[in-house]
Amino acid sequence: MLKISRRTLIKTALPAAAAFGAFPHIARAQNAATTFKYGNNLPLSHPLNVRAHEVATRIKEESKGRLVIDIFPNNQLGGDTDMMAQVRRGGIDIFTPSALVMSTLVPVAAINAVGFAFADYDQVWKAMDGKLGSFVRKSVEGVGLYAMDNMWDNGFRQVTNNNKPIEKPADLEGLKIRVPVSPIIVDMFKAMGAAPVGMQYSEVYSSLQTKVIDAQENPLVIIQTGKIFEVQKYCSLTNHIWDGYWFIVNGNSWKNLAPDLKEIMTEAFKEGAKNQRADIKKMNETVMEELKKLGLAFNQPQPDEFRAKLKETGFYGVWHKKFGDEAWGLLEEAVGKLS
């Protein structure tokens with residue numbers, strides 16, 4: 001009579017039983033899904049959320065359900081400061097801070113916010129898809145986070161206010177303007193004589209409405225989707241800085257992903273960045289006319305006087321020193337000499 005040891009019986013029976021559902025917990029473990037919680041501060045209508053939803057759908061399909069990204073838009077998980085803290089400790093897995101918000105943790109992330117540095121998008125993508133962007137990503141890894149390869153577009157930022165059009169630096173004198181909680185943009189507006197107030201974006205509309213502040217600065221798409229035009233009269237196309245969004249992943253969440261899931265996620269976010277940038281470009285071609293119809297008055301100042309003012313007050317020299325020669329050199333490689 002054939003004798004089968006208990007060990008042999010278990011080794012042969014367990015896989016078969018799991019396959020037929022006798023041990024469902026084992027079957028689930030072999031094909032367990034990972035769920036990432038992703039938070040941002042933008043409304044559902046913003047191209048970032050539209051394309052992020054497509055990215056999440058693609059990742060779920062290509063991973064056959066092994067990686068699921070749940071999106072929480074419009075500050076559902078808290079303001080920028082809250083979400084930054086959460087992604088660091090693993091309360092959420094993905095967050096999209098603007099470079100200005102990211103710089104509160106990784107100072108060099110603000111280098112794309114050097115005032116009046118970029119003349120156009122060709123210079124932006126040359127820098128941020130190239131050597132300068134790689135330099136920033138390595139710095140992000142240094143604080144235990146992971147940055148996806150490509151920034152998503154936020155846009156060139158413009159000044160809105162209720163007092164008068166901004167034509168030259170003197171027009172900013174004493175203007176109480178909301179800015180992100182970021183030292184570089186605070187310094188820039190101070191250098192031009194304004195009175196910047198650091199404030200989370202979630203508080204901007206109500207603060208303008210109650211006249212706690214007179215002005216704010218954001219890309220046109222944000223001015224439209226955030227309905228800033230309802231509480232402002234003038235929009236000056238200063239293009240004072242370009243800002244974008246980093247897709248930041250909690251370091252442990254990224255580290256623990258299987259290699260094939262990392263590849264799926266990387267490719268999906270790369271395609272998403274390409275599509276979202278195209279969306280912003282298309283919107284920028286029409287949004288100004290739409291905002292005019294909604295009552296916002298536009299003017300377009302020239303950057304030369306503003307750049308001269310920043311050089312005169314030492315802004316470029318100070319931030320060159322803060323960012324260091326290597327990072328500053330990579331910026332100037334893309335945009336030309338600043339300091």
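The values are calculated or read from the model by the stated rules, or taken from the named source; none is laboratory data. Note that the structure is predicted; figures quoted are calculated from it, not measured. Here Cβ is always computed from backbone atoms with ideal geometry, including for glycine, and neighbour counts include all displayed protein chains. Quick note on the areas: whole protein, heavy atoms, side chains included, nothing else; ligands and nucleic acids left out. Shrake-Rupley method; radii C 1.70, N 1.55, O 1.52, S 1.80 Å.
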> What is the spin-label model distance, in nm, from T286 to E173 if the labels are put 7 Å beyond Cα along the C-beta direction?
Replying inline: 4.2
> Quick one: if you stick a label point 7 Å off each Cα along the C-beta vector at Q76 and T57, how many nm between them?
Replying inline: 1.7
> Rg (Å, one decimal) plus Dmax (Å, integer) for the alpha carbons of the chain?
Replying inline: 23.9, 101
> Counting pairs of alpha carbon atoms under 8 Å apart in space and at least six apart in sequence, what relative contact order in percent does the chain give?
Replying inline: 23
> lysines within cross-link reach of K292: Cα-Cα under 21 Å, excluding same-chain residues under 8 positions apart?
Replying inline: K164, K227, K233, K281, K282
> Whose amide H sits under 5 Å from the amide H of A194, counting only residues 5 or more places off or on another chain, with H placed in the peptide plane?
Replying inline: G174
>> Please enumerate, by chain and number, the lysines with C-alpha under 23 Å from the C-alpha of K60, excluding those fewer than 8 residues away in the same chain.
In response: K37, K255, K262, K270, K274
> Roughly what would the spin-label model give for A33 and A258, points 7 Å off Cα along C-beta, in nm?
Replying inline: 1.5
> Given a 1.4 Å probe and every protein chain left where it sits, what share in percent of the accessible area of the range 258-318 is carbon and sulfur?
Replying inline: 51
> Tell me, what ³J(HN,Hα) does each residue in the range 96-109 have, in order and in whole Hz, if you take phi through Karplus 6.51 cos²θ - 1.76 cosθ + 1.60 with θ = phi - 60° and put x for Gly and Pro?
Replying inline: 10, x, 5, 4, 5, 5, 4, 5, 5, 10, 10, x, 5, 4
>> How big is the dipole moment of the chain about its Cα centre under a simple scheme where the beta carbon of each Lys and Arg is +1, that of each Asp and Glu is -1, and everything else is neutral? Debye, nearest 20, please.
In response: 1440
>> Can you give me the long-range amide H partners of L67? Hydrogens built in the peptide plane at 1.01 Å from N, cutoff under 5 Å, separation of 5 or more residues or another chain.
In response: T34
> Hey, how much of the P(r) for the range 196-298 falls beyond 20 Å, as a percent of Cα pairs?
Replying inline: 54
>> With a cut-off of 8 Å between alpha carbons and a minimum separation of six or more residues, what is the relative contact order of the range 222-321 in percent?
In response: 54
>> In Å², and per residue, what accessible area does the chain have when probed at 1.4 Å with the other protein chains present?
In response: 47
> Leaving out ligands, DNA and RNA, what percent of the accessible area of the range 39-169 is carbon and sulfur, probe 1.4 Å?
Replying inline: 49
> Residue separation times 0.36 nm, minus the C-alpha to C-alpha distance between V143 and E203: what's the value?
Replying inline: 18.8 nm
> When the chain is fully extended, how far beyond the present Cα-Cα distance does E326 get from K164, taking 0.36 nm per residue of separation?
Replying inline: 54.3 nm
>> Please compute the length gained on full extension between L237 and K64, using 0.36 nm multiplied by the number of residues separating them and subtracting their Cα-Cα distance.
In response: 57.7 nm
